1. Enumerate the amide H contacts of Ala9 below 5 Å, restricted to partners 5 or more residues apart or on another chain; note that Pro and chain-start residues carry no placed amide H.
2. Exposed loop sites here are trypsin sites (Lys or Arg not before Pro) in DSSP loop states with at most 15 other C-beta atoms within 10 Å. What is the longest stretch of the chain lacking them?
3. Please give the per residue volume of the convex hull enclosing the alpha carbon atoms of the chain, rounded to a whole number of Å³.
4. Taking other Cβ within 10 Å of each residue's Cβ, how do Cys24, Cys147 sort, fewest first?
5. Answer rounded, prolate or oblate for the range 82-174, using the Cα gyration tensor with square roots of eigenvalues a ≥ b ≥ c: rounded when a/c is under 1.5, else prolate when a/b is larger than b/c, else oblate.
6. Can you give the Kirkwood hydrodynamic radius for the range 34-90, in Å, rounded to one decimal and based on Cα pairs?
Amino acid sequence: MRDARIYRATPAVAEALADVLMDCVEGGASVSFMHPLSRARALAFWNEALASAARGERVVLVAEDLEVGGVVGTVQVVLATPENQPHRADIAKMLVHRRARRRGVAAALMQAAEATAREAGRTLLVLDTVTGGDAERLYARMGWERCGVIPGYALLPRGGLCSTTVFYRVLTEP
């Protein structure tokens, strides 16, 4: 990803994050929301995620592509885990706007998420993704270990069940 930067989100980017989320849902991504996703609902989600980040429960990373223009992606490292799992974090809402796909944004975000988790002292990451999708192939290419598939796990944004694949990654020192 050339001419880009990844940084921790602040409330100032909530509108741009809402745009990315709405674009992903419009494009058919199964990311917890149904189509049509209203701007108010998308903003409410990001405002809560950013408030959670302010409490130290998660880190919201943003990819800003200076060539394409503005915020084009995001990923969350969820640090709020049960007390018997202080070594673990979840990766959530890895989203890339359709206008910026196939340019290395997702891989750069995942590398930054892994580095963020390491900095937070986490040694195990877990995530789930739609089975058969681009993200599943990305995680496998990046060395994530596939645990298995849960059939009929969620609905696609316009209806219809989809399966999810669960992955994990043991973090080692850089």
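Just so you know, all these numbers are worked out from the coordinates, no wet-lab data involved. Model, not experiment: these values are computed from the prediction. Every residue, glycine as well, gets a Cβ built from its backbone with ideal geometry; the counts of neighbours run over all protein chains shown.
1. Correct list: Val60, Leu61, Val62.
2. Values: sites that count: Arg2, Arg55, Arg101, Arg102, Arg158.
Counting at most 15 other Cβ atoms within 10 Å as exposed, the longest clean stretch of the chain is 103-157.
3. Numbers: hull volume 19.8 nm³, N = 174.
Dividing the Cα hull volume of the chain by its residues yields 114 Å³.
4. On the way: Cys24 24, Cys147 12.
With the sparsest Cβ surroundings first, the list reads Cys147, Cys24.
5. The shape class here is oblate.
6. It is 13.2 Å.
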